[in-house]
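The block underneath contains the structure these notes are about, expressed in structure tokens.
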Amino acid sequence: MKTNNQTLPITEKEISAWTSAPVFSPILCADLNYLAIDTTTFIDFFQDSFIQMPFDYYDVKRKQWELLPADIQKTQLAAFKEYYLDNQANLEDFTNQLGVDKTVQNALAAIEPWRRRSVCAFELIMGKEIKIQRIFPEGFEQALDATDIRSLPRVFQETKSELVENDLFFDLLQSIAQYAQEITPHVAIEKMQITAHFMSVKARKGVPGNNSPEGVHEDGADFIISALVINRANMLGGKSQVFEKMEDGKMVNLFERELQPGEFLFQADTGEEKHYGNDLWHYITPFYVKPPVEEAWRDIIGLDIAIVQPKI
């Protein structure tokens with residue numbers, strides 16, 4: 001398997017040459033210059049924006065749920081769902097309602113947020129000129145059993161307009177849309193939707209940063225950029241990985257790289273095995289604090305790219 005020492009860009013063609021089986025589904029690891037976007041300008045514009053974004057308290061509540069005793073999980077799922085979905089809910093009121101002891105209450109209260117995030121969505125009408133319109137993002141939920149907390153819809157703060165309603169960010173959206181059309185020759189795309197996730201993940205001394213707590217997964221879009229890295233601060237690790245799911249369910253690691261600021265990893269995400277032949281999944285490994293500092297951060301923009309019309 002090839003990693004960081006390979007020269008960019010890297011596509012499924014290079015990866016296919018490195019593996020024992022051919023890879024046809026689209027993969028592209030490159031930097032912003034590949035998209036005709038100046039990397040330095042882009043990084044300079046976005047690098048200080050993440051610290052201003054709100055923490056994701058859904059993460060905290062999910063961890064709290066995992067710490068609750070099994071008997072409470074079994075009998076209080078409905079109550080927890082209300083607490084999980086209520087951004088104004090108070091932990092002390094909730095634990096008093098459950099009747100848990102002080103030890104459990106203190107353990108739940110000790111969980112600190114570790115991920116900042118915001119989200120925005122855009123509709124792109126394809127043509128000689130691509131027309132871009134910002135739209136309201138839908139809630140986010142994962143296709144899991146109803147007893148899994150991650151199946152509940154999450155609503156995140158929208159990204160500030162001054163960050164994403166400008167020529168620099170629109171150039172990124174247009175370039176990605178054009179690339180998606182290039183690798184989809186079997187259909188003339190008329191309309192696309194791109195949802196951008198701004199995420200900043202923190203690691204603390206002894207507590208790794210984890211951007212993919214669900215493990216190896218798909219996002220449910222036609223294509224994704226699992227990460228366009230903006231900042232890597234005081235950190236070790238954090239590899240972006242591409243997997244192929246085989247017919248027997250086995251996950252085979254095709255490619256991995258510790259993306260540096262300005263680098264991104266694009267891939268087909270859901271249903272691509274019907275059009276290209278390979279069922280691609282992805283993961284980001286945990287990262288760790290680089291001694292002697294106490295905290296590390298990884299700031300990224302992730303993109304979900306959906307072909308809306310015609311459906312493929």
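Laid out as a table, the results:
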item: Single residue of S200, S212 found to be modelled with pLDDT of 95 or more, farther than 16 Å from E12 by Cβ and within 18 Å of the chain's Cα centre (by Cα); result: S200
item: Restricting the range 31-49 to residues that are of a type in the set (S, T, N, Q) and assigned to a loop (DSSP other than H, G, I, E, B), the residue that is surrounded by the most Cβ atoms within 10 Å (Cβ to Cβ); result: S49
item: Some residue of the range 79-91 being farther than 20 Å from R154 by Cβ and part of a helix (DSSP H, G or I); result: no
item: Subset of the range 209-259 [free of Cβ contacts under 8 Å to residues at least 60 places away in the same chain, over 18 Å from I300 (Cα atoms) and crowded, with 17+ Cβ neighbours inside 10 Å]; result: F243
item: Residue within the range 145-156 that is closer than 30 Å to I189 by Cβ and loosely packed, with under 15 Cβ neighbours inside 10 Å present; result: yes
item: Filter result for the condition that a residue is of a type outside the set (D, E, K, R), more than 30 Å from D279 (Cα to Cα) and touching a Phe, Trp or Tyr at 6+ places or on another chain (Cβ under 9 Å), over Q52, Q73; result: Q73
item: Total residues in the range 281-311, condition part of a loop (DSSP other than H, G, I, E, B), over 21 Å from F243 (Cβ atoms) and touching a Ser or Thr at 6+ places or on another chain (Cβ under 9 Å); result: 0
item: The range 260-270: number of residues that are among the polar types (S, T, N, Q) and crowded, with 17+ Cβ neighbours inside 10 Å; result: 2
item: Residues of the range 265-301 classified as farther than 17 Å from A233 by Cβ and free of Cβ contacts under 8 Å to residues at least 24 places away in the same chain, total; result: 1
item: Residues of the range 173-200 classified as assigned to a strand (DSSP E or B) and among the polar types (S, T, N, Q), total; result: 3
item: Condition broken by G127, with the remaining ones in (1) surrounded by 12 or more Cβ atoms within 10 Å (Cβ to Cβ); (2) farther than 19 Å from D219 by Cβ satisfied; result: (1)
item: Hits in the range 7-22 (condition: within 15 Å of Q241 (Cα to Cα), under 24 Å from the mean Cα position of the chain (by Cα) and either modelled with pLDDT under 90 or not hydroxyl-bearing (S, T, Y) (or both)); result: I10, E12, I15
item: Matching entry among F170, F122 (being of a type in the set (F, W, Y), assigned to a helix (DSSP H, G or I) and in the same structural domain as G302 (by TED's automatic domain parsing)); result: F170
item: Meets criteria (of a type in the set (S, T, N, Q), assigned to a strand (DSSP E or B) and more than 27 Å from Q47 (Cα to Cα)) for N278; result: no
item: Failed criterion for S226 (all others in (1) outside any strand (DSSP E or B); (2) among the hydroxyl-bearing types (S, T, Y); (3) at pLDDT 95 or above hold); result: (1)
item: Residue satisfying all of: in the range 62-86; farther than 19 Å from S200 by Cβ, of a type outside the set (A, V, I, L, M) and touching a residue at least 12 places away in the same chain (Cβ under 8 Å); surrounded by the most Cβ atoms within 10 Å (Cβ to Cβ) among these; result: Q64
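The values are calculated or read from the model by the stated rules, or taken from the named source; none is laboratory data. Predicted model, so just to flag it, every value in this text is computed and none were measured. Reconstructed Cβ throughout: ideal geometry from the backbone, glycine too, with neighbour counts over all protein chains shown.
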